[in-house]
Amino acid sequence: MNLSIAYEDGFKAPAQQLALALDLAIDNCATDQLRITAQGLQLCFGAFKPLKLDFTQAYWQKRRDAGKTQGLIKACKPKPGMKIIDVTAGWGRDAAILASFGANVLMLEQHPVVAALLKDALQTQNSKLLPLSFEHRNAQEFLTQLTDTTLFPEVIYIDPMHPQRQKQALVKKELQILQAWVKPDAIQTHDLIVQACTKVTQRVVVKWPQKQAPLLPPDLSFPGKTVRFDVYYRPGACT
């Protein structure tokens, strides 16, 4: 993908800084742009409408009540003060839902462009934010360095890049964009699940296509229409 940095009037200097940080060219006429605007960083990709992340509490509170019946909530059981690490944050949608229940959610994301959008959304929005934090990190490297057991989260959430679905129309625009950048890696996901089970105090939750076999036998699953949430309860259970 040939992504370029673009900017509105008055934002040339931050555009130059971002272009340097991401090693991307500046081109306001490019089809695919990471664009700096007065409203924050936006991703303009192909024929899709501009994508801007929203982590304001007011926005996600509207989805909280509906979320109570979702498999994500049943599997993770978020509550105020709980520590959750979303080790494959992507656009942060699931992390925001979990945080809307009061859980302190740390998002990890290694793709530099996605990381830039996450960071900008958390830094630039003026409304009260959800209890979210973010680090631009590789999940496995982060977990390897997490050696203090007192810092282990209650829940580690994994939403890996899923295998391509048969019906592409079912895939939302956000996932289509991610699939253009990141390819599924079943071996890496398997190893991440195994590692996560040694770094958590309660459970590891993995989001996976409903019709795909799990990479490891779960202790419990919460099925949905297109995805399910596989739960691994005990450290060391993933062998």
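The values are calculated or read from the model by the stated rules, or taken from the named source; none is laboratory data. From a predicted model like this one, the values you see are computed outputs, not experimental measurements. Neighbour counts are summed over all protein chains in view; Cβ atoms, including those assigned to glycine, are modelled from backbone coordinates with ideal geometry. Areas reflect the complete protein model, heavy atoms only, side chains present, ligands, DNA and RNA absent. Shrake-Rupley method; radii C 1.70, N 1.55, O 1.52, S 1.80 Å.
Worth a mention:
- From the list 118, 53, 106, 41, the one residue that fits, being outside any loop (DSSP other than H, G, I, E, B), touching a Gly at 6+ places or on another chain (Cβ under 9 Å) and touching a residue at least 12 places away in the same chain (Cβ under 8 Å), is 118.
- Looking only at the stretch 219-233, and only at residues there that are assigned to a loop (DSSP other than H, G, I, E, B) and farther than 15 Å from residue 155 by Cα, the one that is least open to solvent (accessible area, probe 1.4 Å): 224
- Count of residues meeting criterion [open to solvent by 40 Å² or more (accessible area, probe 1.4 Å), among the aromatic types (Phe, Trp, Tyr) and closer than 17 Å to residue 90 by Cα] in the stretch 32-54: 0
- Lone qualifier among 120, 148 - being of a type in the set (Asp, Glu) and open to solvent by less than 40 Å² (accessible area, probe 1.4 Å): 120
- Residue match in the stretch 53-70 (condition: among the aliphatic types (A, V, I, L, M) and in contact with a strand residue (DSSP E or B) (Cβ under 6 Å, 6 or more places away or on another chain)): no
- Test: residue in the stretch 79-87 that is at pLDDT below 90 and crowded, with 17+ Cβ neighbours inside 10 Å: no
- Residue satisfying all of: in the stretch 33-52; over 20 Å from the mean Cα position of the chain (by Cα) and modelled with pLDDT of 90 or more; farthest from residue 124 (Cα to Cα) among these: 33
- Pick from the stretch 200-209, criterion under 19 Å from the mean Cα position of the chain (by Cα) and not aliphatic (A, V, I, L, M), ranking: surrounded by the fewest Cβ atoms within 10 Å (Cβ to Cβ): 209
- Note on the stretch 15-31: among residues that are open to solvent by 40 Å² or more (accessible area, probe 1.4 Å) and small (Gly, Ala, Ser), the one that is nearest to the chain's Cα centre (by Cα) is 21.
- Yes/no for residue 74 being basic (Lys, Arg) and assigned to a loop (DSSP other than H, G, I, E, B): no
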